[in-house]
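Comments concern the structure below.
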Amino acid sequence: MLNTFCKSFITCWNHFVEDSENPKLSKEAKIYWSINPKTKGGNKISHEVEFVVDANFGVPGAIIVTNKYKKEFYLESIVAIEGLVHFACNSWVQPHGFHAHNRIFFSNKVYLPNDTPVGLKRLREKELQQLRGNSDDSRTTSDRIYDYDVYNDLGNPDKGDEFVRPILGNQSQPYPRRCRSKRPPTNSDVNVESPVSKYMPKYVPRDEAFGDLKAKAITEGKWKAMLRSLIPTLKQKAAINGEAIKSFSDITELYKESLPPFEEGGDECWEKGGLPKLRNKMIKECGQDVFKFDSPKLISRDIPSCCLRDDELGRLTLAGMNPLSIERLKVFPPVSNLDPSIYGPQDSALKEEQIICHLNGMSVQQAIEENKLFILDYHDVYLPFLDRINAHPTKKAYATRTIFVLTDMGSLKPIAIELSLPEKNRNGPPKCVVTPPVDATTCWLWQLGKAHVCSNDAGAHQLIHHWLRTHACLEPFIIAAHRQLSVMHPIYKLLHCHMRYTMDVNAQGRQLLLNAGGIIESHFFTAACSMEVSASVYQNWWRFDMESLPADLIRRGMAVPDATEPHGLKLLIEDYPYATDGLLIWSAIEQLVQAYVHYYYPEANIIESDSELNAWYHESINIGHADIRHASWWLKLSTPNNLISILTTIIWLASAHHAAVNFGMYPYGGHFPVRPPFMRRLVPNECDPDYTTFLADPEGYFLASLPCLDQMLHYISVLHILSTHSADEEYLGDRKDLSAWAGDPEIVEAFYKFSMEMKKIGKEIEKRNGDPNLRNRCGAGISPYELLLPSSGPGVTCRGVPNSVSI
């Protein structure tokens, strides 16, 4: 029985699993879509077909499909011998006139390369050769070719010098590889690929493209974003067109529960304002709800608040949208690792006398030894780029360091902020320190300092912990998996759901978010330097062996190894919601992968002899991460334990790590005054010409330092789209493809136990969120930490751990 999403006409024949170089073939069987189709609901159609075979044909192992229709069709599955043999296809089959290759689909039986029946080996290799394609061929949207390329598609020199961007993926600027799309070069630079356009569409292998429900959800989100950006024009009140925000009420009105009803006769006024009639009709039909922004978590219980409280800043470093930057302070004052001949003295401006009054009688050294001091340190990340960033007419930034003290209540309290500029800058002193306020003036200086810290943190969250560590660094492993691992391979089957949609998300990210003049450059303080910042971190900091959750926590000094603890480590801040919840999920993934690997690879020699597995890992490193392939820290694929570590890390990054930094973007970042992606002014000092203006109207100075409203309307609309779960999302512990292991009941049982463990973890997280002793996730006005709750419904829920890096 064939289940498809489209009407067509195909020819298929059967290929018998047999230890023979000349396997048995059935006769061709033809299907005419117009004859006796059976509708299964929605767009699904099933057909019955008979294969004529010899009496001793045996069990089919592969089916070859040819599409003789003029259009592609989606082949979901083929069921043979009254349901005894299942072929999970889930692939688009292209017309034979456009693609000469016949499609090969294998039964759900798992085979290591050396165990593959002789009759299937040739087809197994042939299918992989088709997926590798020819690197010289052009690409069409119907292709299924997986190959590598550098990031040479971010700039557009044909538009002018301001759109020129460096190519990432070389010795001077190392970066992971992306999927090759083979668009022609630009006219101005043959090394730069032309941007996506109507005539040169985005390319991802056909089966990597979004499904209908995912594409529909994103399209709806884009329309809502466009309509929401019209609010200031429709209300004719708030500051627009680059003007500074006049009052906090201009901001809080965006999040009100409702807007005034439409007035009769309003169309004429709108049309005079330049809105086309079609848009007016669309607005009316959509209703007023389309304009509402749901209250983000940060203001859902305290809407009038437009400044971030100290306790909230500390709490959000542990339980917000970026809980991955906080580190234990090991040396005071902090020391830079940048070249002093280029960036000036490595010394910090932070002094013991500035913070000792907050240490409850301890010296700084004693507080360090007792693990009481922590730091957000963005000094070395941003300082090399600040001259270029601050040359921007409306974006001003520091490289910040923020010192926190761990209170007796288990929460973090900020006690000093260092604001650094390049040594030879003209915008003020190269280093200054602001501390908690003692009067009205220092109160506003402290608020401005915290806003710059949050701006730094927003950039690190988006460019490092989100894009680089999940999207960019996982793509090479995904490309290599499709090129080197047969669909019959057990590791491909394990990873398949964790690769879903990632390549399409990344391609759209390069087209709309990361490109020159795109959303990241427009809305974050790093501007045109954004991807260079990401590349610098990849070169100087990223290590695959440090990407596991336990290794990351230990590297940042947030935990120490301890064999007596449940997860083999002891957290130095016990109420660290991201870490405590994450370790539950990490351990569950690790246990599943251990059972899986030990089943298929009980001995190290089986790993060594697995040609596909070794080719996958070798290619992921040596081509996918070519610029750092010689690093000594890459794990060797030599033992089952190393394979377990590699696979657990990949699944963790694709699922829980990504969920923790993606699906809280709007709930935690949608109220931009407390988390601005950029600032328009530096913190004033007494020598600054604007200092008098600041003293006369500190609130106005603060508001003028924030991004203007029209920019932020677009920004928070994008955050809303990126934080949304689509209706077709697949969550950790809820696999849809267990039939792939029908012949391996031990593996099915392992997945069942994993699913039960995810439900158990969900209940444990909900229990923690109700524990009043855990003040970083429970208390008056405190948002519960739900980002690592495994399941979710559709929409912006601030919870749910999808299997893959998706939106």
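Just to confirm the number: angle between the C-alpha axis of helix 118-132 and the first principal axis of the chain, 0 to 90 degrees, nearest 10?
So the helix axis and the longest Cα principal axis differ by about 40 degrees.
Calculate the FRET efficiency for Lys759 and Lys44 from the Cβ-Cβ distance with a Förster distance of 25 Å, rounded to the nearest 0.05.
The computed FRET efficiency comes out at 0.30.
When N counts the residues of region 618-775, how does its alpha-carbon radius of gyration compare numerically with 2.2 N^0.38 Å, as a ratio?
1.62
For the peptides 462-475, 700-713, what is the packing order when you average, over each peptide's residues, the other Cβ atoms within 10 Å and list the highest mean first?
Descending mean neighbour count gives 462-475, 700-713.
State the Cα centre-to-centre distance between region 105-124 and region 522-595 in whole Å.
Distance between centres, Cα-based: 38 Å.
Any chance you could give the angle, 0 to 90 degrees and rounded to 10, that helix 473-484 forms with the longest Cα principal axis of the chain?
Helix 473-484 sits at roughly 10 degrees to that axis.
Evaluate the charge dipole of region 537-576 about its Cα centre and quote only its size in Debye, nearest 20, assuming +1 on the Cβ of each Lys and Arg and -1 on the Cβ of each Asp and Glu.
180 debye
Are there any chymotrypsin sites (Phe, Trp or Tyr not before Pro) in region 114-204 that are in a DSSP loop and have at most 12 other Cβ atoms within 10 Å? List them by number.
The qualifying sites are Tyr199.
Among the trypsin sites (Lys or Arg not before Pro) in region 615-693, which ones are in a DSSP loop with at most 10 other Cβ atoms within 10 Å of the Cβ? Mind listing them?
Hits after loop and neighbour filter: Lys636.
Which angle from 0 to 90°, rounded to the nearest 10, does the C-alpha axis of helix 611-622 make with the longest principal axis of the chain?
Approximately 30 degrees, to the nearest ten.
Calculate for the chain the 222 nm mean residue ellipticity that helices alone would give, adding -39,500 (n - 2.57) per DSSP H run of length 4 or more and normalising by residue count, nearest 500 deg cm²/dmol.
For the chain, the value works out to -10000 deg cm²/dmol.
Roughly how many debye, to the nearest 20, is the charge dipole of the chain about its Cα centre, given +1 on each Lys and Arg Cβ, -1 on each Asp and Glu Cβ, and no other charges?
1760 debye
With unit charges on the beta carbons (Lys and Arg positive, Asp and Glu negative) and the dipole taken about the Cα centre of the chain, which residue among Ser783, Cys529, Pro195 sits farthest to the positive side?
It is Pro195, whose Cα lies furthest towards the positive end.
Net charge around Met503, counting only other residues with Cβ within less than 10 Å of its Cβ (Lys, Arg = +1; Asp, Glu = -1)?
-2
Using only the Cα atoms, what convex hull volume per residue in Å³ does region 582-667 have?
Measuring per residue, one finds 115 Å³ for the Cα hull of region 582-667.
Give or take rounding to whole Å, what are the principal axis extents of the alpha carbon atoms in the chain, in descending order?
95, 72, 55
At most 14 other C-beta atoms within 10 Å and a DSSP loop state: those are the exposed GluC sites (Glu not before Pro) I care about. Give me the longest piece of the chain that has none.
Counting only loop sites that pass the neighbour cut-off, the longest clear stretch is 83-242.
Computed FRET efficiency, Cβ-Cβ of Glu369 and Thr564, R0 22 Å: what is it to the nearest 0.05?
Efficiency computed from Cβ-Cβ geometry: 0.55.
Considering the options Pro323, Ser172, Pro561, tell which one lies farthest towards the positive end of the dipole of the chain, charges being +1 on Lys and Arg and -1 on Asp and Glu at the Cβ, about the Cα centre.
Ser172
A short reminder: the numbers here are calculations on the coordinates, not readings from a lab. As the structure is a prediction and not an experimental result, all values here were calculated from the model. Cβ sites come from the backbone with ideal geometry, for glycine too, and all protein chains shown count toward neighbours.
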